[in-house]
Amino acid sequence: MHRLHLNAHHGTPGIIVLPEGGYRRARAEITAWPGYAPTPLHRLEMPGVAGLWWKDESQRFGLRSFKALGGAYAVQKLLAQELARRGTAPHADAAALESGRYAHATEQITVTCATDGNHGRSVAWGAQRFGCRCVIFVHENVSQGRREAIARFGAEVREVPGNYDDSVRAAQRAADENGWFVISDTSYPGYTEPPRDVMQGYRVMAEEALSQMPAPPSHVFVPGGVGGVAAAVSVQLRKQAPGARLIVVEPEAAACLLASAEAGAPTTVTGELDTIMAGLACGEPSLLAWQELERGAFAFMAVPDSAVPAAMRALKARGVEAGESAVAGWIALESLLAAPEEAARLGLGPDSRVLAFGTEGATDPELYARLTAA
């Protein structure tokens, strides 16, 4: 059974979290990367609504996740800023960094972050592409398959005890002690700029999806986590589809955004955060993301892990590869349509045009195969 909370502060004025100038720069860089192409938007049948459009991130830059857009861009921007600060190169772009022209300088720079898998893979990919060192912190529940995927990009992977939030703190401590640079997808007091760049990168996905739809969506479902991607989608909706209602979906065991909405302030969920939706196993909201979602999200939902395998199989049967964290929106939509009174609270019905973000593919192929086996 899901939990649903309508946001009492939806639509209230707030600060600008992601300025348009920063997004224009992020989009120009990312869309110029070799191999860039918009990911597909699939029209899927879903009884009870006019249409369901699924943004399929399963093959983004070969990393199988939308997070390829954020971490790698933030690494590129950090390196360019550092080279300028050190007087090495005033305006090093992606091509210049990838050419190895400044390798003598970038090899002296180390980036780090915590990850449940996908963000760390993006940061490691960016570090390898742009020529710096990389150390990624994982907690004990991150699967071996996801660790190996990170290590393939040349990063050092370090395990720390505890959950995702513990690994965030470990990465920050190591950076402070060693003079490294944290490229995190979550923000906290005193640390906001790399996460802002990460979120600007995520907006590319949202702009693609909204541009691919035949008409603006009425409802948009996006996974939660620390809130970064949901906030990026929220900002882009205000620009391209201001009437759309954004529903942020989390696992029951790690619903920190729903808890924050219920409390009216950022709220930490403690414990093991043990969920099959590994990319959403986050207990502390991102400061920047919450500043956007506290007014931009129409509703917050928490859904059970027990529904994940069936959702993955349903999408596979439709020719769509969707990992454990990607199916949160599918589960939420099905659950709401089975509860007409709840759907009515969201204005969700036969005329609704629904956009759902399938944020990852088989990022752990062995686990994907096991969960989707008939």
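Every number in this text was worked out from the coordinates using simple rules, so none of it is lab data. Just so you know, these numbers come straight off a predicted model, no measurement behind them. Here the Cβ is made from the backbone with ideal geometry for all residues, glycine too, and neighbour counts use every protein chain on show.
Of note:
- Matching option when the condition is farther than 19 Å from V157 by Cβ and surrounded by fewer than 17 Cβ atoms within 10 Å (Cβ to Cβ), among A95, A89, A26, A80: A95
- One residue stands out among those in region 183-193 that are outside any loop (DSSP other than H, G, I, E, B) and within 17 Å of the chain's Cα centre (by Cα): the one that is nearest to H5 (Cα to Cα), which is Y188.
- Enumeration of residues in region 5-31 that are among the β-branched types (V, I, T) and over 19 Å from the mean Cα position of the chain (by Cα): T12, I15, I16
- One residue stands out among those in region 149-182 that are assigned to a loop (DSSP other than H, G, I, E, B) and of a type outside the set (F, W, Y): the one that is farthest from E366 (Cα to Cα), which is G179.
- Among (1) within 18 Å of the chain's Cα centre (by Cα); (2) on the phi < 0 side of the Ramachandran plot - the single one S218 does not satisfy: (1)
- Pairs linking a residue in region 76-87 that is touching a residue at least 60 places away in the same chain (Cβ under 8 Å) to a residue that is of a type in the set (F, W, Y), with Cβ atoms under 8 Å and 6 or more positions apart or on different chains, are L78/F181; E82/F181.
- Of all residues making up region 110-151, the number that are over 14 Å from A170 (Cβ atoms), surrounded by fewer than 24 Cβ atoms within 10 Å (Cβ to Cβ) and among the charged types (D, E, K, R): 5
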